[in-house]
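In what follows, a structure is listed as structure tokens, so that the remarks can point back to it.
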Amino acid sequence: MGVKKVLILNGSPRAPRSNSRRYAALFTQFCGLETESMDLLRADPKAVAERLEAVSDVLLVFPLYADAIPVPVLRTFKAMEEAPSKNRPTLSVLVNCGFLEPEQSDVAVAMVELFCKRMGWPVGSVLEIGSGEAILDQPFRVFARWKIRTLARAVTAGRHRRLKVTMPISKKFFLKASTKYWTDYGARNGVTPEQMATMEIEGQRPS
């Protein structure tokens, strides 16, 4: 068993400039235990394994990708299964999705729980965040901060909980606001709504 310390693993495919990093920073702010962070995007699996030996808890932070966990997390899980650590830290999850409903992340959480079962790791707390990156900004930021603080306190105390949070707005309003957001975002980058509605990536269709 490692010392009482939390290793925060950022599983976002765009870790250096991700919203997951912002969520992790809030968790660090509220957590009563020592923390350290790693981005899985370019992390050496051996380096991750070494740090796992020295901690009591892991917080895995990632965005929902295609209703599942993103590639950096999958790659890390595979490496861990091939070379299991002697230490078995408690693994908690913070997952954020672009849907209004946080339960859209249930399948991804179940995938993490299956990994823990196969590895013999205890499952800790879970926080599912809905409504995308908008919940990190005013006037909704207070909801995200409140739940992340609750998550941090649960991990600190070892009294684990399952938590969910989203913006307190209707689906109709969310759809209207999110459509405007992505239309404006595309316009700033020279992409039309018609182009965003296709399967093309940089002028090429996926094979």
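The values are calculated or read from the model by the stated rules, or taken from the named source; none is laboratory data. Small disclaimer: the values here were computed from a predicted structure and weren't measured. Neighbour counts are summed over all protein chains in view; Cβ atoms, including those assigned to glycine, are modelled from backbone coordinates with ideal geometry. To get the accessible areas, we keep the full protein, side chains included, count just its heavy atoms, and leave off ligands, DNA and RNA. Shrake-Rupley method; radii C 1.70, N 1.55, O 1.52, S 1.80 Å.
Express the Stokes-Einstein translational diffusion coefficient of the chain in µm² s⁻¹, to the nearest whole number, given a Kirkwood radius over alpha-carbon pairs, 4 °C and a viscosity of 1.567 mPa s. Let's see the in-between values first.
Working: Rh = 17.9 Å.
Result for D is 72 µm²/s.
Given a Förster radius of 22 Å and the C-beta distance between Lys117 and Ala157 as r, what FRET efficiency does 1/(1 + (r/R0)^6) yield to the nearest 0.05?
Working: r = 24 Å, r/R0 = 1.07.
Efficiency, from the Cβ-Cβ distance: 0.40.
For the pair Arg188 and Thr150, how long in nm is the line joining their label points, each one 7 Å along Cα→Cβ?
Each label point lies 7 Å from its Cα, and together they span 3.1 nm.
Starting from the Kirkwood radius over alpha-carbon pairs of segment 77-186, derive D by Stokes-Einstein at 4 °C in a medium of 1.567 mPa s and give it in µm² s⁻¹. Mind showing how you got there, number by number?
Values: Rh = 15.5 Å.
The estimated diffusion coefficient comes to 84 µm²/s.
Please find the FRET efficiency linking Gln195 to Lys4, where r is the Cβ-Cβ separation and R0 is fixed at 45 Å, and quote it to the nearest 0.05.
Numbers: r = 50 Å, r/R0 = 1.12.
According to the calculation, E is roughly 0.35.
On a 23 Å Cα-Cα criterion, which of the cross-link pairs Lys86/Lys164; Lys5/Lys147; Lys78/Lys147 come out too long?
Listed pairs above 23 Å: Lys86/Lys164; Lys78/Lys147.
Starting from the Cα of Leu74, step 7 Å along the direction of its Cβ; do the same at Gln138; then give the gap between the two resulting points in nm.
Each label point lies 7 Å from its Cα, and together they span 4.0 nm.
Jot down the per residue volume, in cubic angstrom and as a whole number, of the convex hull over the alpha-carbon atoms of segment 29-78. Working shown, then result.
Numbers: hull volume 4.9 nm³, N = 50.
With only Cα atoms used, segment 29-78 gives 99 Å³ per residue.
Please give the calculated 222 nm ellipticity per residue for the chain, where each DSSP H segment of at least 4 residues contributes -39500 (n - 2.57) and the sum is spread over every residue; nearest 500 deg cm²/dmol? Present the calculation step by step, with values, prior to reporting the outcome.
On the way: 7 runs with 85 residues, N = 207.
It comes out at -13000 deg cm²/dmol, rounded to the nearest 500.
For the chain, what does the accessible surface come to per residue with a 1.4 Å probe? Please give it in Å². Please report the intermediate quantities before stating the final value.
Numbers: 11630 Å² over 207 residues.
Per residue, the chain has an accessible area of 56 Å².
Put one equal scatterer on each alpha carbon of segment 17-103, apply the Debye formula with no solvent term, and list log10 I(q)/I(0) at q = 0.17, 0.19, 0.22 1/Å to two decimals.
-0.78, -0.97, -1.26
Run the 1.4 Å probe and let me know the accessible area of Phe140, rounded to the nearest 10 Å².
Result for Phe140: roughly 40 Å² accessible.
Highest GNM mean-square fluctuation, the chain, Cα pairs closer than 10 Å: which of Pro72, Pro45, Pro63?
Maximum among the listed residues: Pro45.
Which value, in Å² rounded to 10, gives the accessible area of Lys164 with a 1.4 Å probe and all protein chains present?
100 Å²
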